[in-house]
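Accompanying notes for the structure given below.
The values are calculated or read from the model by the stated rules, or taken from the named source; none is laboratory data. Remember, predicted model here, so these are calculated numbers, not experimental data. Cβ placement follows ideal geometry from the backbone for every residue including glycine, while neighbour counts extend to all protein chains displayed. Areas reflect the complete protein model, heavy atoms only, side chains present, ligands, DNA and RNA absent. Shrake-Rupley method; radii C 1.70, N 1.55, O 1.52, S 1.80 Å.
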Amino acid sequence: MNIKLQEAAKYVENLIPYRDLVQMFLFENSDDMHLFLSEVRDRLNLIVNAAMIPRKSLNSFSPFRTIEEIKKFGFRSYMREVIDAPEPILIYLCLYHNIHQVPLGTEQTQKNLSQYLPSIQELGRIYTSTHQYTFSKSRYTNKISSSSTEVSDSFWLTSSLDQSKLNYYEGREAEIKTKLKNLEANLQQIMGEKQKIEKMMENYRSELGKLRERKYHIDNLKKKLDQKQSVYKSLAAQNTDLTSEARNILLKVSEFSKKKSKIFADYVKVAKNLVILTKDKAICVYQDALYQNEKLRLENDYRTYISLKQEIETNLEQAKSLTHQAREEAKSTLETASKMNEINLENGLPQNYKENFSKLPDSVESLNSEINQCQIIAQCAYDVDEKVIQEFENRKKRISQLQRDLEKKNKKLVDHQNNYENMKNNWLQRVDEMIDGINVKFSALFMQLKCAGEIGLSRPDNSEEFSKYGICIKVSFRTGEKLQELTAWQQSGGEKSVSTMLYMIALQEMTRCPFRVVDEINQGMDPVNERKVFDIIVQNSCSKKQAQYFLLTPKLLPDLAFDDKTNVICVFNGPENLPHSKYNLKEFLKRRKALNEKNF
């Protein structure tokens, strides 16, 4: 997922929760999703989220109002327009987070919010330059309430790809490649024409050589004719014919020379064009190399930035660890020193110690030097005061006493640890027995629905962390499907309601209370499961001596199986209803009877 505008990244992180932004995996096949969850979550114990890609079209998600209608309020675009991602991811975000309905505002929206408020409340959720505003309408009073939160800077989407610049360079690269391809095609064409011309020149040269040989032969004959002119006077007519033929040959040679000159001129012109095209090709290749180098440099800078960021984070964690370790060592040393000098730090440091500490240097190197100097002075002191010896003996006795006290406390600690282990094992045994009892009841209730379910104790890796113990509920609502843990995202709303209700019924026999209240538990259930759950509630609350059961619901299915101990109480409330003080049951019955007589 890439954010086209980096300043919009903080709005995306604010709207999309962490579990969908970082931990979510989307699947097109349910078998693939179940296999992935069984491997990653059940076997590897990793915290991940998974969901099916909605089978909808991206074109089916459109805002209530176009961006042109709300631009006058300072909105620049909807969040959908700043997110660049594959179509299945966009469909998921539109369906579950309404990114196509959330407009992104500017500083103008923030400054004039009170003025724009009546016109933008119907949008539901908006973002200004620094805040998020949410508007909701009450079902009872139709009043609109609003809330606002400040949008913090982005943490995960801190880097984005400049798509316009990348498109520019890719377009430029394609343009250069097209131009280079055209130049190469022209060059191939010119080279073909050059080969044809060279072949023609070779033919012309061969023909010219033959003509020259013929002319040379004719010149020799002419010389012989001049020498023997007197002898061959009778052949004058023939000589005349030969002279005319030689003239024709000379004319052909002249025409051939002209053609040759013209061909040479065309050849020179083609050669010049070839030089120009070769120069353009070299320029294009050089520009392409520059663009490739720039692209490589940007990629190297990006990788260097990522590596530097990771190195800084590692150094920061090491520094934090060293700082914490140094603080713990200093704290331990301070407690040891206070015990040795019998100083109660809760009452503060005595004045004489404060004065002595104020005289000491601030740096570690200076303190080490001062300690070494004191050690040298102590080693050089041969005369020992009797008071010092007496104090040494007293401290030695004190240390012996403390060691004896320490041994007693260690023994007491071992006893406490043994008692603790016994208590923990007894507690776990009782908890397991209790959960086994609940599991028997829970499984039996699920079998009545022709489904499967079980309850177990979720134990943490560290058995000492009691706050991490919990109840693990696994259910299966389809034949042949493995038991899956009941989570907020794995099952549908109706399946979660059924599981919750059956779990509460299974808990009834474990606790005693005067009454129990369940509010709208049937919301989200399909009619089949709702009817079965209602039958189970009636059976468990009316057939045995159980606590009084209150089931609050806005609706009930028709033809439900009620017990004689079941009471249905209808509550009439609202500004248009008749007050209870004006109820007249006799008058109501009288009117109902009159209406029945009139066949109403």
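Scanning the range 93-147 for residues that are touching a residue at least 24 places away in the same chain (Cβ under 8 Å) and in a strand (DSSP E or B) gives P103, L104, R125, I126, Y127, Q132, S146. Here the condition is being open to solvent by 60 Å² or more (accessible area, probe 1.4 Å) and hydrophobic (A, V, I, L, M, F, W, C); of F73, F64, it holds for F64 alone. Whenever a residue of the range 277-306 is farther than 22 Å from G171 by Cβ and open to solvent by 90 Å² or more (accessible area, probe 1.4 Å), it has no partner that is in a helix (DSSP H, G or I) and aromatic (F, W, Y) lying with C-beta atoms less than 6 angstrom away and at least six residues away or across chains.
Among the residues of the range 513-554, the ones that are closer than 17 Å to E495 by Cα and outside any helix (DSSP H, G or I) come to 9 in all. Within the range 123-146, is even one residue within 30 Å of R303 (Cβ to Cβ), of a type outside the set (V, I, T) and either at pLDDT 80 or above or open to solvent by 70 Å² or more (accessible area, probe 1.4 Å) (or both)? Checking the range 123-146: not a single residue is within 30 Å of R303 (Cβ to Cβ), of a type outside the set (V, I, T) and either at pLDDT 80 or above or open to solvent by 70 Å² or more (accessible area, probe 1.4 Å) (or both). Checking R478, R459 one by one, the residue that is surrounded by 13 or more Cβ atoms within 10 Å (Cβ to Cβ) and under 40 Å from the mean Cα position of the chain (by Cα) is R459 and no other.
Evaluate the range 585-597: report whether one residue or more is surrounded by 10 or more Cβ atoms within 10 Å (Cβ to Cβ) and in contact with a Gly (Cβ under 9 Å, 6 or more places away or on another chain). No: the range 585-597 contains no residue that is surrounded by 10 or more Cβ atoms within 10 Å (Cβ to Cβ) and in contact with a Gly (Cβ under 9 Å, 6 or more places away or on another chain). Checked against the criteria, L322 counts as open to solvent by 100 Å² or more (accessible area, probe 1.4 Å), among the hydrophobic types (A, V, I, L, M, F, W, C) and under 47 Å from the mean Cα position of the chain (by Cα).
What tally of residues in the range 196-245 results from selecting those that are part of a helix (DSSP H, G or I), hydrophobic (A, V, I, L, M, F, W, C) and modelled with pLDDT under 70? Residues flagged as part of a helix (DSSP H, G or I), hydrophobic (A, V, I, L, M, F, W, C) and modelled with pLDDT under 70 within the range 196-245 amount to 4.
Considering each residue of the range 521-528 in turn, at least one proves to be in contact with a Ser or Thr (Cβ under 7 Å, 6 or more places away or on another chain), in contact (Cβ under 8 Å) with a residue 24 or more places away in the chain and among the aliphatic types (A, V, I, L, M).
Just to be sure before I move on: is A444 in a helix (DSSP H, G or I), at pLDDT below 90, at negative phi and over 47 Å from the mean Cα position of the chain (by Cα) in the structure I sent? No: the conditions fail for A444. For residues in the range 560-600 being of a type in the set (K, R) and more than 60 Å from the chain's Cα centre (by Cα), which is farthest from S541 (Cα to Cα)? So the residue we want is K598.
The set of residues in the range 194-218 that are among the polar types (S, T, N, Q) and within 21 Å of K272 (Cα to Cα) contains only Q195.
On the basis of being within 52 Å of the chain's Cα centre (by Cα), loosely packed, with under 10 Cβ neighbours inside 10 Å, more than 30 Å from N462 (Cα to Cα) and not charged (D, E, K, R), does S358 make the cut? In short, no. Against the test of being outside any helix (DSSP H, G or I) and of a type in the set (A, V, I, L, M), the options I371, I312, I283, I343 yield a single qualifying residue, I343. Mind checking whether some residue in the range 7-20 is surrounded by 16 or more Cβ atoms within 10 Å (Cβ to Cβ) and more than 17 Å from Y127 (Cα to Cα)? Looking through the range 7-20, at least one residue is surrounded by 16 or more Cβ atoms within 10 Å (Cβ to Cβ) and more than 17 Å from Y127 (Cα to Cα).
Looking only at residues in the range 36-61 that are part of a strand (DSSP E or B) and open to solvent by less than 50 Å² (accessible area, probe 1.4 Å), which one is farthest from V22 (Cα to Cα)? Going through the qualifying residues, I end up with A51.
Restricting attention to the range 501-531 and to residues that are within 41 Å of the chain's Cα centre (by Cα) and among the acidic types (D, E), the residue that is surrounded by the most Cβ atoms within 10 Å (Cβ to Cβ) turns out to be E530.
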